[in-house]
Structure formats: structure tokens, C-alpha cells
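A quick write-up on the structure given underneath.
The values are calculated or read from the model by the stated rules, or taken from the named source; none is laboratory data. It should be emphasised that the depicted structure is a prediction, and the values quoted were computed from it without experimental measurement. For neighbour counting, all protein chains shown are included, and Cβ atoms are generated from backbone atoms with ideal geometry for every residue, glycine included.
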Amino acid sequence: MNNLTEILNIDVPILQGGMGNISNAPLTAAVSEAGALGTIGVGTMGADEVESIIIETKNLTTKPFALNIPIAITPHLQEMVRLVVKHKVPVVSLSAGNPTPLIPYFHEHGVKVICVVASKKQAVKAEQAGADIIVGEGYEAAGINSNLETTTLALIPQLVDAVSIPVAAAGGIGDGRGLASMLALGASGVQMGTRLIATKEAPFHENYKTALLNAKDDSTVIVGRSVGKVRRVLKAPYSAELLQKEKEGVPAEEFGRLTSEDFHRIGALEGKLDRGFINGGQISGLVSDIPAVKELIEKMMRDAEGIFTRLVNHKVK
């Protein structure tokens with residue numbers, strides 16, 4: 001165990017990224033049952049829907065899991081805060097907004113706080129506000145992304161040097177090599193999203209999983225640069241349509257509507273890739289199978305440990 005696993009009361013230093021409106025109990029519980037930290041992302045869902053996912057997750061696992069609240073995105077911020085306390089969710093992940101006003105309240109109720117950041121400045125502010133753990137998310141990550149476009153490789157060592165609390169790395173991690181590399185940079189763990197989509201327990205449409213299996217190193221694309229709404233998605237008919245609309249000068253408000261969680265669900269849950277988008281990080285090209293979550297996490301840990309063993313025995317000439 002390291003400081004991150006001790007704080008979160010988990011066995012392995014792997015966190016599930018928030019998946020917004022396609023979050024679900026089966027995958028969250030499977031991640032937690034495997035010894036990692038499962039996460040329910042609230043996205044723009046209402047309180048009743050999120051509460052039902054929390055209850056179902058608690059029925060599937062007694063192990064810790066987190067609720068990810070994108071502060072500036074959810075239209076139901078206070079309701080989500082209350083749900084964390086009502087259901088005694090042990091960990092909350094705060095992203096897409098200023099976490100400072102919320103952290104003291106969560107700490108009063110014994111909730112550990114993870115803050116997702118994209119820069120050293122944000123990390124320092126989060127630590128000063130009382131965050132327990134920082135997740136540094138690089139430009140390689142899927143979904144809503146930072147306009148800063150800093151890669152995980154460059155970001156993580158800077159965050160580790162800037163703060164004294166544990167840092168987890170997000171963006172570009174999908175196997176044991178990625179885990180080992182982030183630990184070597186000083187991170188205490190990693191957060192994954194895309195790789196967990198292609199697992200047996202993930203209840204997403206087969207078209208989504210097939211797209212990941214068929215992905216190459218250039219199979220993702222950034223949309224939304226022209227309107228300041230950066231998002232990394234898998235290349236598909238709908239994402240091509242979004243890029244064309246940007247070329248035509250689509251207004252920011254209309255682009256926001258076209259990339260809302262409603263269209264995410266159409267792609268991810270209904271598999272209609274000509275009518276909705278599917279998020280995908282740059283590790284998509286690494287996905288070659290669909291294992292059970294437990295198998296994936298155990299293999300990642302074995303592979304990372306094997307890498308460090310080989311490095312210890314390796315003599316630099």
C-alpha cells in the first residue's frame with residue numbers, strides 16, 4: 001500500500017474516471033471489487049437517477065467508491081453534495097470548477113476529496129483548499145479536456161514537485177506500462193476511463209467496444225477547439241459531422257447542445273455512431289481485448305511490478 005491507497009482505503013493505486021451520464025453501477029462496483037476505486041460520474045443527471053445508481057452500487061459492493069461531481073457542468077450541484085453525505089459515499093471527486101467552497105463541508109462529514117486538475121496552479125490551489133488527493137489529467141484523456149493541452153508526461157512530475165499530497169495521473173494510461181511510467185514520474189497512482197469501457201462488466205453498446213478494439217494510434221480527434229469546448233472523442237461519422245460544423249462556424253451554444261450528454265448516450269449506449277459521439281482517449285489504440293475488470297487490473301499490477309523488477313536488475317552502461 002502507498003499513501004494514496006491508505007487514504008482511499010483501497011488495495012491497488014487505480015481509480016476509475018468519472019464517465020458522466022453513461023456512469024453505471026455494474027462497472028463502478030466491478031472496479032471497486034477488484035481493489036481499485038470505482039467512480040460514479042454525475043454528469044448532468046438528476047438527483048433521482050444518480051441516487052438510484054448509488055443505491056445499486058452499494059448493493060453490489062461493500063468496498064469504497066467515489067462520486068465525481070463536475071462542478072460547473074452539473075445543474076444539480078447542491079443535490080449531488082447532499083447525496084454524498086446522505087449515502088455516506090466515502091470519496092468525492094471534484095472537477096470542472098472551483099472546489100474550494102465544497103471541501104470543508106465534505107471533510108466535516110468524513111468524506112475524502114479528490115480534485116481533478118490540468119495545471120500546477122490548479123493543483124496548488126486545490127491543496128491549499130484542503131484536497132486529500134490530486135488527479136492530474138493530461139491532454140491525452142478522453143472526453144471534456146483542458147484548453148491547456150499539456151500532456152500527462154509533462155504534467156505529472158510538475159504536480160508532484162508542486163504539492164505534498166498524493167498525485168494520481170490521468171490521460172494516456174491503459175496498461176501496466178502506463179502505470180509503471182506514472183509511478184516512476186512520482187505519481188502515487190493512476191486514473192483510467194477509456195480502458196475500462198472495453199471490459200466485460202461495462203454495459204455499453206457493442207459498437208462502442210468494437211470501435212475501441214479496432215482503434216489505431218490516430219483514431220481519436222479533438223473537437224470543440226474553435227468554440228473553447230475541447231473534447232477528445234473517437235473518430236466516427238458523428239465526430240466528423242461536428243468537425244464540419246466547426247469549419248462552418250457553428251455558434252458555441254449550438255456546439256454545446258450537439259456535444260451534450262444526450263448525444264454521448266446515443267453513441268455509447270445506443271451505438272448510433274452517426275447520431276452520437278463516443279469518448280476515447282489516446283490509449284484507444286492499445287485496446288486489443290475485452291477482459292473482466294478484475295483480470296485487467298490484476299494484469300496491470302503484475303506487468304508494472306515486472307517492469308520495476310527488470311529495471312532494478314538492469315545495469316546502465
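Kindly indicate the residue of region 85-141 that is in a strand (DSSP E or B) and without any contact (Cβ under 8 Å) to a residue 24 or more places away in the chain and also nearest to Glu51 (Cα to Cα) among those meeting that condition. Talk me through it step by step, then tell me what you get.
Filtering region 85-141 down to residues in a strand (DSSP E or B) leaves 91-95, 112-117, 133-137.
In the following step, the residues that additionally are without any contact (Cβ under 8 Å) to a residue 24 or more places away in the chain were identified as 113, 115.
Numbers: Val113: 19, Cys115: 22 Å.
Per the criteria, the residue is Val113.
Yes/no matrix, rows are residues, columns are (1) part of a loop (DSSP other than H, G, I, E, B); (2) surrounded by fewer than 18 Cβ atoms within 10 Å (Cβ to Cβ):
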site	(1), (2)
Lys216	yes, yes
Arg232	no, no
Asp289	yes, yes
Val312	no, yes
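When region 237-259 is examined, which residues are found to be of a type in the set (A, V, I, L, M), touching a residue at least 24 places away in the same chain (Cβ under 8 Å) and surrounded by fewer than 18 Cβ atoms within 10 Å (Cβ to Cβ)?
The one that is of a type in the set (A, V, I, L, M), touching a residue at least 24 places away in the same chain (Cβ under 8 Å) and surrounded by fewer than 18 Cβ atoms within 10 Å (Cβ to Cβ): Ala252.
Across region 205-214, what is the total count of residues that are surrounded by fewer than 23 Cβ atoms within 10 Å (Cβ to Cβ) and either in a loop (DSSP other than H, G, I, E, B) or of a type in the set (A, V, I, L, M) (or both)?
Selection size over region 205-214: 3.
Of everything in region 60-102 that's polar (S, T, N, Q) and more than 15 Å from Leu15 (Cα to Cα), which residue is surrounded by the most Cβ atoms within 10 Å (Cβ to Cβ)? Reasoning before the result, please.
Just the residues of region 60-102 that are polar (S, T, N, Q), to begin with: 61-62, 68, 74, 78, 93, 95, 98, 100.
Next, only the ones that are more than 15 Å from Leu15 (Cα to Cα) stay: 61-62, 74, 78, 98, 100.
Working: Thr61: 17, Thr62: 9, Thr74: 24, Gln78: 10, Asn98: 14, Thr100: 15.
My answer is Thr74.
I'm trying to understand the selection: among the residues of region 107-120, which are modelled with pLDDT of 95 or more and buried (at least 22 other Cβ atoms within 10 Å of the Cβ)?
Listed by number, the residues that qualify are Val113, Ile114, Cys115, Val116, Val117.
Yes or no: Thr62 in a loop (DSSP other than H, G, I, E, B), farther than 22 Å from Ala131 by Cα, at pLDDT 95 or above and not small (Gly, Ala, Ser)? Break it down into steps so the answer makes sense when it comes.
Values: in a loop (DSSP other than H, G, I, E, B): yes; farther than 22 Å from Ala131 by Cα: yes; at pLDDT 95 or above: yes; not small (Gly, Ala, Ser): yes.
Taking the combined requirement at face value, the residue satisfies it.
Within region 31-46, identify whether any single residue is in contact with an Asp or Glu (Cβ under 8 Å, 6 or more places away or on another chain), under 18 Å from Ala142 (Cβ atoms) and of a type in the set (Ser, Thr, Tyr), and answer yes or no.
Within region 31-46 (the criterion being in contact with an Asp or Glu (Cβ under 8 Å, 6 or more places away or on another chain), under 18 Å from Ala142 (Cβ atoms) and of a type in the set (Ser, Thr, Tyr)), the answer is yes, since at least one residue qualifies.
Kindly indicate whether Glu201 is surrounded by fewer than 24 Cβ atoms within 10 Å (Cβ to Cβ), touching a helix residue (DSSP H, G or I) at 6+ places or on another chain (Cβ under 7 Å) and modelled with pLDDT of 95 or more.
yes
Between a first residue in region 260-280 that is closer than 16 Å to Ala215 by Cα and a second residue that is part of a strand (DSSP E or B) and β-branched (Val, Ile, Thr), which pairs have beta carbons less than 7 Å apart while being 6 or more apart in sequence or on different chains?
So the pair list comes out as Phe277/Val233; Ile278/Val233; Asn279/Val233; Gly280/Thr220; Gly280/Val233.
Tell me, which residue of region 1-38 that is of a type in the set (A, V, I, L, M, F, W, C) and out of contact with any helix residue (DSSP H, G or I) (no Cβ under 9 Å at 6 or more places or on another chain) is nearest to Arg265 (Cα to Cα)? Walk me through it before giving the result.
Taking region 1-38 and keeping what is of a type in the set (A, V, I, L, M, F, W, C), we get 1, 4, 7-8, 10, 12, 14-15, 19, 22, 25, 27, 29-31, 34, 36-37.
Now restrict to residues that are out of contact with any helix residue (DSSP H, G or I) (no Cβ under 9 Å at 6 or more places or on another chain): 1, 4, 7-8.
Details: Met1: 36, Leu4: 32, Ile7: 33, Leu8: 30 Å.
Checked region 1-38; the qualifying residue nearest to Arg265 (Cα to Cα) is Leu8.
Which residue, of Ile222, Ile173, is assigned to a loop (DSSP other than H, G, I, E, B) and under 23 Å from Ser146 (Cα atoms)?
Working: Ile222 fails: assigned to a loop (DSSP other than H, G, I, E, B).
Testing whether each residue is assigned to a loop (DSSP other than H, G, I, E, B) and under 23 Å from Ser146 (Cα atoms) leaves just Ile173.
When you look at Glu51, is it crowded, with 16+ Cβ neighbours inside 10 Å and on the phi < 0 side of the Ramachandran plot, yes or no?
So Glu51 passes the test.
State whether the residues of region 26-44 include one that is outside any loop (DSSP other than H, G, I, E, B), of a type in the set (Asp, Glu) and touching a residue at least 60 places away in the same chain (Cβ under 8 Å). Break it down stepwise before answering.
Residues of region 26-44 that are outside any loop (DSSP other than H, G, I, E, B), as a first pass: 26-33, 37-41.
With the extra rule that they be of a type in the set (Asp, Glu), the set shrinks to 33.
Next, only the ones that are touching a residue at least 60 places away in the same chain (Cβ under 8 Å) stay: 33.
Yes, region 26-44 contains at least one residue that is outside any loop (DSSP other than H, G, I, E, B), of a type in the set (Asp, Glu) and touching a residue at least 60 places away in the same chain (Cβ under 8 Å).
Considering each residue of region 142-170, count those that are outside any helix (DSSP H, G or I), among the small types (Gly, Ala, Ser) and out of contact with any Lys or Arg (no Cβ under 9 Å at 6 or more places or on another chain), and give that number. Quick ask: steps written out before the conclusion?
If we filter region 142-170 for residues that are outside any helix (DSSP H, G or I), which is where we start, we get 142-151, 163-170.
From what is left, the residues that are among the small types (Gly, Ala, Ser) are 142-143, 146, 164, 168-170.
Still in the running and out of contact with any Lys or Arg (no Cβ under 9 Å at 6 or more places or on another chain): 146, 164, 168-170.
Qualifying residue count for the region: 5.
Residue under question is Thr57, and the condition is that it be part of a helix (DSSP H, G or I), β-branched (Val, Ile, Thr) and crowded, with 16+ Cβ neighbours inside 10 Å; does it hold?
Details: part of a helix (DSSP H, G or I): yes; β-branched (Val, Ile, Thr): yes; crowded, with 16+ Cβ neighbours inside 10 Å: yes.
Yes; evaluated as a whole, the condition is true for this residue.
Out of the residues in region 175-196 that are among the small types (Gly, Ala, Ser) and surrounded by 24 or more Cβ atoms within 10 Å (Cβ to Cβ), which is farthest from Ala126 (Cα to Cα)? If you could, list the steps in order and put the result at the bottom.
The initial filter retains those residues of region 175-196 that are among the small types (Gly, Ala, Ser), namely 176, 178, 180-181, 184, 186-189, 193.
Next cut, surrounded by 24 or more Cβ atoms within 10 Å (Cβ to Cβ) only: 187, 189, 193.
Values: Ala187: 17, Gly189: 18, Gly193: 22 Å.
Per the criteria, the residue is Gly193.
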